[in-house]
Amino acid sequence: MCLLWPALVSAQLTPSQAAGKRIYKDGVSTSNSQIEAVLGEGFTRIPGRLMPCTSCHGADGKGRPEGGVVPPAITWNILAMPLRKTSALGRQRPAYSLLSLRRAITQGVDPSGHHLGSTMPSYRLSLKDLDRLIQYLRVLDKDPDPGLTGSTIRLGAIVPMDGPLAVSGRSSIALLRAYFDELNQQGRIYGRKIELRAIESPAMPAARGAQDSVQANDIFAAISVLPPGAEHELTGKVEQLGIPTIGAFASRARADDSSQSRTFYVLSGLPQQARVLVKFAHEHLEDPLARIAVVYPESAQDLADAVIDQCRTASLDNLQPVKFAQFEAGLVAESLSRQRVRGVFFLGEGKELQEMLEIAAQLEWTPNVFQPGPLAGQEVFAIPPAFDQHIFLAFPMLPSDIDAEAVFEYKSLVQRHNLSSAQPAIALAALASAKVLVEALRESGRELSRDKLITILSGIYGFNTGLTPPVTFSATRRIGALGAYVVRLDLKNKSFTPVGSWMVP
């Protein structure tokens, strides 16, 4: 019996089809039933999530050639037709029936009884999950990625909506709208219009609410414009939903080497900047055996762990961690002064650092201080003069990275669209993120999908945004401009002086 029912055309998947899609793409059952991939003669079994259908057949079911192996297409129109001797295996087979398709999935044989090949595992899964998977295969070629139509690409921009970061959120959204509006006027991307939706990130989003916020906007890809240290649960939900995302600054919660991550970052975040500072200190400290301290709030434990790990890697073992719940500048300054600490990695806010160094100056204790630049704030210029040339900050980009053409483009957008130029550093990082995404969309061509976009992004090498250091991604690298600059604070002239060149952690 051949497959008599037609392939379904549906704008929205049924619950069973959606569950089948999860099995197809992730190798995971929504009912928590076990799914295993069985290799070879059956002696090797691995979790299905390590070998989902998409790993060989692709998200579109058309096959993903790799290493000389050409997996066959498994879209419904292909499965429902008999195959002549034109297949990659050079043999013919009848059309699949429901029974033979079940056997193909669970036993690894085609309708003629031939084994599907050594690279095709068989799967152990429940009958309910098997039926769900087959239901999804029926609509596989009619299931475009969310936010994508023949004429539009819907993007989301994740921005802070409240607190002191709200101003940067509003200005970033306005800038991105202006950029994409002009892109649409200039010819779009292979005829598709870019639609941009703001996804506002509250200070304390609820887990379910964060996910609903993203799903309700039905976006194909996203740009995250959250400043360093302002990561929210919302960005994690975007990752879980499989949405390709370009973040302006790397999150503290993400490792750089995650090949499974669908989130790419243009610039280094606080952990990478902190590691660069440790590397700089190791190379420039007069006495590498001098006592150093890591001062940090409880909320920055992950950041402190990165600094401590990098210190140990650099053999800076004379280390004193100082964690605080409520910062008491006087007690910390007096304690570290008595211990004759020569270097301080400070991971709190700029105001807290200023308070500590005011007391330190009274104690005539002037250690070298290292802090990721985004944490410093304007208070850094109010630090006592005794610390002139003793404060070192790390930044993921400098004005020297910005070329004249990019400056002209940015200023023209601001002028033509009457935009606010508040917090230009964040605005420029947002614009750079948009440029990276547009480059990948153009390289993906007309046959666009989320998986193809991820593949293209993973191959970007030395892309010049004109606003940042060159951006390079790979299968194991998700931070494009991986590294930072170290600058020295000149308190007399209220300025920063670069110390050395670009450093990679």
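Please state the relative contact order of segment 259-352 as a whole percent: Cα pairs under 8 Å, 6+ residues apart?
38
Measure nothing but the geometry: give the 0 to 90° angle between the long axis through the Cα atoms of 424-444 and the longest principal axis through the Cα atoms of the chain, rounded to 10°.
That helix lies at roughly 20 degrees to the long axis.
If you place +1 on the Cβ of every Lys and Arg and -1 on the Cβ of every Asp and Glu, how big does the dipole about the Cα centre of segment 13-137 come out, in debye to the nearest 20?
Charge dipole, segment 13-137, about its Cα centre: 200 debye, nearest 20.
Select one label from [x] 323; [y] 170; [z] 219: the one whose number is volume of the Cα convex hull per residue in Å³ as derived from the coordinates shown.
Of the listed options [x] 323; [y] 170; [z] 219, [y] comes from this structure.
Kindly rank 443-455, 269-281 from highest to lowest mean number of other beta carbons found within 10 Å of each residue.
Per-residue mean Cβ counts within 10 Å order the peptides as 269-281, 443-455.
If you rank Trp502, Trp76 by how much accessible surface each has, with a 1.4 Å probe, what is the order from largest down?
These residues rank, largest area first, as Trp502, Trp76.
Taking the dipole about the Cα centre of the chain, with the C-beta of Lys and Arg at +1 and of Asp and Glu at -1, give me whichever of Thr313, Gly247, Gly61 is farthest to the positive side.
Working it through, the farthest residue towards the positive pole turns out to be Gly61.
Compute the FRET efficiency between Ala314 and Arg446 as 1/(1 + (r/R0)^6), taking r as their Cβ-Cβ distance and R0 = 41 Å, and round to the nearest 0.05.
0.25
How much length is gained if the chain between Asn184 and Ala18 is pulled fully straight, taking 0.36 nm per residue apart and subtracting their Cα-Cα distance, in nm to one decimal?
56.5 nm
Could the peptides 460-468, 173-181, 34-42 be put in order, highest first, of the mean number of other beta-carbon atoms found within 10 Å of their residues?
173-181, 460-468, 34-42
Applying 1/(1 + (r/R0)^6) with R0 = 35 Å to the Cβ-Cβ distance of Asp305 and Ala475, what FRET efficiency is obtained, to the nearest 0.05? List each step's numbers first, then the result.
Values: r = 26 Å, r/R0 = 0.74.
With a Förster radius of 35 Å, E is 0.85.
For the pairs Lys411/Lys452; Lys142/Lys237; Lys237/Lys279; Lys193/Lys237; Lys193/Lys411, note any where the Cα-Cα span goes beyond 31 Å.
Cα-Cα > 31 Å for Lys411/Lys452; Lys237/Lys279; rest within.
Only four residue types carry charge here, +1 at the Cβ of Lys and Arg and -1 at the Cβ of Asp and Glu. Report the dipole size of the chain about the Cα centre in Debye, rounded to the nearest 20.
Values: 51 positive and 49 negative charges, 477 e Å.
Roughly 2280 debye, rounded to the nearest 20.
Quick check on segment 15-143: what does the Kirkwood estimate of hydrodynamic radius come out to from the alpha carbon pairs, in Å? Present the calculation step by step, with values, prior to reporting the outcome.
On the way: mean 1/r = 0.0680 Å⁻¹.
Hydrodynamic radius (Kirkwood, Cα only) of segment 15-143 equals 14.7 Å.
On the full set of protein chains, 1.4 Å probe, figure out the accessible area of Asp317 and give it in Å² to the nearest 10.
For Asp317, solvent-accessible area is about 110 Å².
Which of the peptides 126-135, 403-412 is most tightly packed, and how do the rest follow, going by the mean number of other Cβ atoms within 10 Å of each residue?
Order by mean packing, descending: 126-135, 403-412.
Just to confirm the number: angle between the C-alpha axis of helix 329-338 and the first principal axis of the chain, 0 to 90 degrees, nearest 10?
Orientation of helix 329-338: about 70 degrees from the principal axis.
Can you give the charge dipole size of segment 252-401 about its Cα centre, rounded to the nearest 20 debye, using +1 on the beta carbon of Lys and Arg and -1 on the beta carbon of Asp and Glu?
Dipole magnitude for segment 252-401 comes out near 320 debye.
Report the semi-axes of the equivalent ellipsoid for segment 323-376 in whole Å, largest first, where each axis is √(5λ) for an eigenvalue λ of the Cα gyration tensor.
Over the Cα atoms of segment 323-376, the ellipsoid semi-axes are 17, 12, 10 Å.
What shape does segment 405-505 have by the C-alpha gyration tensor, where a ≥ b ≥ c are the square roots of the eigenvalues, rounded means a/c under 1.5, and otherwise prolate means a/b greater than b/c and oblate the rest?
Here segment 405-505 falls in the oblate category.
Students often forget the sequence filter, so: which aspartates and glutamates lie under 16 Å Cα-Cα from Lys62 once same-chain residues fewer than 8 apart are removed?
Correct list for Lys62: Asp141, Asp143, Asp145, Glu447, Asp451.
Output the 0 to 90 degree angle, nearest 10, between the alpha-carbon long axis of helix 127-139 and the longest principal axis computed from the alpha carbons of the chain.
90
Calculate, in nm to one decimal, what Leu398 and Arg177 gain on full extension: separation in residues at 0.36 nm each, minus their alpha carbon distance. Working shown, then result.
Working: separation 221, 0.36 × 221 = 79.56 nm, distance 2.50 nm.
Additional length available on full extension: 77.1 nm.
The values are calculated or read from the model by the stated rules, or taken from the named source; none is laboratory data. What you see is a predicted model; the values in this text were computed from it and never measured. For neighbour counting, all protein chains shown are included, and Cβ atoms are generated from backbone atoms with ideal geometry for every residue, glycine included. Heads up: the accessible areas ignore ligands, DNA and RNA and are worked out on the full protein's heavy atoms, side chains in. Shrake-Rupley method; radii C 1.70, N 1.55, O 1.52, S 1.80 Å.
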